[in-house]
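Working notes for the structure below.
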Amino acid sequence: MPNTKKTLPGHATEQNRFETSKLTLLVDRFMTVFIKFGGALVITSVLGIFVFIVLQIWPLFAPPSVTPLKSIPLPDTKYALLGVDEWGAKPFLVEPDGSLLVVDYETGETQDQSLNLGITGQVTAAFLNKREQKIILGTSNGQFVFVSPNHTSRESGGRQIIDVNPTAETPSSIGDPGMPITDIAYGDSGSSKLIVALQSDGETNRVTASLFKRKRSLMGKNKEEAAGTHDLTPMIPGRPEKILVPVTGDSVVVISESGKVSYLVLADGKFELRQSFTPFGDLANSHINVANFIFGDVSIAFASDSGENRIFSLFYPEGGKERLFGITHEFPNLGASPVLLVSTLRNKAFLLGGGKELSLRYSTTESIRWQSRVPYPVSNAVISGKYQRLAVLDSSNTLHFFQIDDPHPDSGWKALFGKVWYEGAPGPKWDWQSTGGSDDFEPKYSLVPLIFGTLKGTLYAMLFAVPIALLAALYTSQFLDPRFRSTVKPTMEIMASLPSVVLGFLAAIYIAPLIERQVPSLLLVVVGVPIVAAFSGFFWSHLPIQIRKFIRPGWEWIVFLPLLFISAGILWYLGPAFESVAFVVTDPATGQKTADFRAWWPAVTGASYDQRNSLVVGFMMGFAVIPIIFTITEDALSNVPKPLITASMACGASRWQTALRVVMPTASAGIFSALMIGLGRAVGETMIVVMATGNTPIMEWNIFSGMRTLSANIAVELPEAPHHATLYRTLFLGALVLFLLTFAINTVAEVLRQHLREKFKTT
Amino acid sequence: MPPVLSKPTEQPMETTVNTTAEGRPDFISIRDFSFFYGKKQALFDISLDIPERQVTAFIGPSGCGKSTLLRNLNRMNDLIDGIRHSGDIVVNGRSIYDPHIEVISLRKRVGMVFQKSNPFPKSIYENVVYPLRVSGQNKKSVLDETVERSLQGAALWDEVKDRLHESGLSLSGGQMQRLCIARAIANRPEILLMDEPCSALDPIATVKVEELIRELKQEFTIVIVTHNMQQATRCSDRTAFFYLGKLVEFDETPKIFSNPAQKQTEDYITGRFG
């Protein structure tokens, strides 16, 4: 070619060599937009996750909604009982002649289902056994009869149809023949049945209990036979007014006109008065207007004439051998004189009503779920089995329906974070127990033991990891010969990449049993090795320089490492001997002396000893945290400008003085970050904790007991959590708390780090 | 890791009280000193005597070994891996390589100022008293007295006396270098080594430091490495010229600059190379 002008690649001619190529500009613009878009996407998805979690949690704290549905007027008479099926579709009322008035919610029609009961006289008392869905009626001439409403559900054309086919058993007599029954109740334990009737002829009030034993024959047919009748009247202080019998039929609670409550227990076929108390003894008028068992029949809700409302529960008082009633919860005054107190069949909620006030309350958490003034005076109410529909009968016999939308009545701030007095417990406490053995078990969802467990696990892990990681990093960066440093650091980084499930597995299968047998050895090593190290360091520095000069600075470990290993080995094998001297415990039963740390620790401290304990977790989680803290700290220390170190050396400072007075403060921001990242790892660590602790949600700092952390709790409970149930949402809340915990740690850390960096900046 | 505890000099040096104004002529005596960084030899058979309470300047082109020699005087090169030496350096009658001497106590007797000012990220006060603190001196009266004396010695007192507890890094470049000088003289060393102390300073700051050097020689034996020939003439009494790791010429400063014995020296100081 004649024109041999050189052209650069991408440039057509020499003239436009200063122009930027179109492709460069295009790529630049594209990347700008792409990175912006990507960044926005990341922020959006993180926010999206956050919003999702908050949405999952919100219902736990949301107030319930109770909305009026419709009202159905009923024939005017005095109804003895108001009951309802599980779905709230067909409530029924017991008429004075003992027939059932079934109300169809859908159509608004009422249907009188007459039963040929064969009773003489009017129905004066009625009781619905919630577990059996069976009614017992008491009459004005001392008879009683069992009636089953028999609700059945079937599908028809895609709709659920509820049928009511009531049946009745043969009536019998109880107590004084012909004496009107004013209150009746029964309980059935399966093998025996207890029927208690309160009779009154206007002058005397009598309480009679009839006991029936049920025998199972080979034919599979149950045979009931009378097993004695007891006149309880003499045992009761005061004039009885109302009786309560728990579904189990093993006791009777009698309320007297003066407001005195007598708790009679059936033991070996005989009744004994176990306790007598006055719930409103401190008020001028101690009369109890209404009272009822809360679901589970362990607690009774009482309401006084003036609207005061208290819950008494059965529990073993401190040092007591018998379960007695004691006040566990107290609610605000209703603001009207209560006439109805109905409990649910699903949870510890109950409806208290009086005058025109209705109040839906939750006994365990002492929260008023809903309270409203209705435009009519109320007289009776019932809540459907699914806790979804409420039917309220007003004084003019109109049945008003309400929709209850309260999926998490057992939740809320108090239940999740406050001390709660659960049934059966001797006092309020923080408790986590999500599942139990029976239907009436009440789940306990306090996050406090889990937060505590998280902090405990973190504390023990950091206690173990921080000194080792910091000193190791300091030694590696400041004292060790650089050629070893380049080996040590990658080794530690490989340790960081060990999956925590492997560490947890190792901890559970190998370390926990090993430590269990060798606690004294471990104690000796943990205390002894640092002492040996300190002493040998002291001794070394006092050696004449003629001896010391044989070991170059940075190579001292050649002398010390074997020394430390040998001393650790000796101390480990001295463990059993140490145990036989220091940890001797005398068996109080036999007087025999045994040297066993596992027995000594509970005997001396009163705290428990578990195989999978915080020591194991601290040790193993330390292994997960040490490499992280080590690497970042080592980087921070090694990044301290060399001129500062030489300046310190030139001032006549030793290596240790330089490390302590110049290197550490200068690197403090980095060291702090390392600690915080390690802390964040320990807080969020799951697999090690799941496997190496007993996952016991207890609240004690005892190093030889386990814990349950928030993260482990999510891992353990999630397979058991029904979708959108309280547990499910509580687990999300646990996740949020965990997130907030790490967020708080990181924020505080960042603020402090910036402060340190400002203070010790080197340029 | 055993902490190397700092202790006061175990064996006090025999203090040769020299009453003459000139001081000892061979206060630092370098004898046949060779130095190696690994396989690379940096210094070749250097022998020279540095007199007491005078300023001795080391000049020479980059890489000639003048800084290496300076850093050997307080064994700062010990921090570098793979070094070795032959020959000996004797300070005040005693070898600095004497196995009985702790390198820490040597460094306490030999203060050093570096090319780039390197104050600690601490307050001005703490910067100055650092050498005392590492020697275990924590008495407030002594420290206060030292701060005032050293900062006055470094001609910085008037500028910083009202803000002694501010960070040493808040000072200007020249002030920081004078702070480093104050730190270097705080523990009253016998020798002050200065490794191109003014190369990062502006002319005004340089003038101040040079004035300071002339004052400090009343008390200290000063060895200064400089690239700046004018500086060597202005503030040194004696000058050593190094070239390729060898000592080319060592004499009174006026003689070196006006009438050098060696051609190489003349070429260098007249700017023909370097």
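The values are calculated or read from the model by the stated rules, or taken from the named source; none is laboratory data. Source: prediction; values computed, not measured. With ideal geometry, Cβ positions are generated from the backbone for all residues, glycine too; neighbour counts draw on all protein chains shown. Note: areas computed on protein heavy atoms with side chains; ligands, DNA, RNA excluded. Shrake-Rupley method; radii C 1.70, N 1.55, O 1.52, S 1.80 Å.
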With each label point set 7 Å from Cα along the Cα-Cβ vector, what nm distance links residue A:582 and residue A:486? 4.4 nm
Please compute, for peptide B:116-123, the average count of beta-carbon atoms on other protein chains lying within 10 Å of each residue's beta-carbon. 6
Whole angstrom only: what separates the Cα centroid of the stretch A:457-496 from the Cα centroid of the stretch A:509-533? 20 Å
Net length gained if the chain between residue A:611 and residue A:642 were fully extended (0.36 nm per residue, minus Cα distance): 6.3 nm
For residue A:660, what charge total do you get from the other residues with a beta carbon under 15 Å from its beta carbon, if Lys and Arg give +1 and Asp and Glu give -1? +3
Residues of the stretch A:448-759: accessible area per residue with a 1.4 Å probe, Å²: 45 Å²
For residue B:145, net neighbour charge (Lys/Arg +1, Asp/Glu -1) across residues whose Cβ lies under 15 Å away: +4
Averaged per residue, what accessible surface does the stretch B:28-269 expose to a 1.4 Å probe, in Å²? 38 Å²
Take A:23, A:522 and sort them by solvent-accessible surface of the protein heavy atoms, 1.4 Å probe, largest at the top. A:23, A:522
Percent RCO, i.e. relative contact order, over chain A, from Cα pairs under 8 Å lying at least 6 residues apart: 9 percent
Peptide A:641-649, shielding by other chains (average Cβ, 10 Å cutoff): 6
Kirkwood Rh for chain A from C-alpha pairs, in Å, is 32.7 Å
A chain fully extended from residue A:745 to residue A:69 at 0.36 nm per residue, minus the present Cα-Cα distance, gains in nm 238.4 nm
Charged-residue dipole, Cβ positions (Lys, Arg, Asp, Glu), the protein assembly as shown about Cα centre, Debye nearest 20: 3420 debye
With only helices counted (DSSP H, runs n ≥ 4, each -39500 (n - 2.57)), the per-residue ellipticity at 222 nm for chain B, to the nearest 500, works out to -9500 deg cm²/dmol
How far is it, in nm, from the label point at residue A:535 to the one at residue A:265 when both lie 7 Å from their Cα along the line to the Cβ? 6.1 nm
Report the local net charge at residue B:253: Lys and Arg +1, Asp and Glu -1, summed over other residues whose C-beta lies under 13 Å from its C-beta. +1
Charge dipole (the stretch A:448-759, unit charges on Cβ, about Cα centre) - positive-most of A:482, A:585, A:706: A:482
Using a 1.4 Å probe on protein heavy atoms only, how many Å² of accessible area do A and B hide from each other, summed over both chains and rounded to 100? 3000 Å²
Could you give the accessible area per residue of the stretch A:281-446, probe 1.4 Å, as a whole number in Å²? 37 Å²
1/(1 + (r/R0)^6) with r = Cβ-Cβ of residue A:33 and residue A:494, R0 = 41 Å, i.e. FRET efficiency to nearest 0.05, evaluates to 0.55
Carbon/sulfur fraction of accessible area - chain A, other protein chains in place, 1.4 Å, %: 62 percent
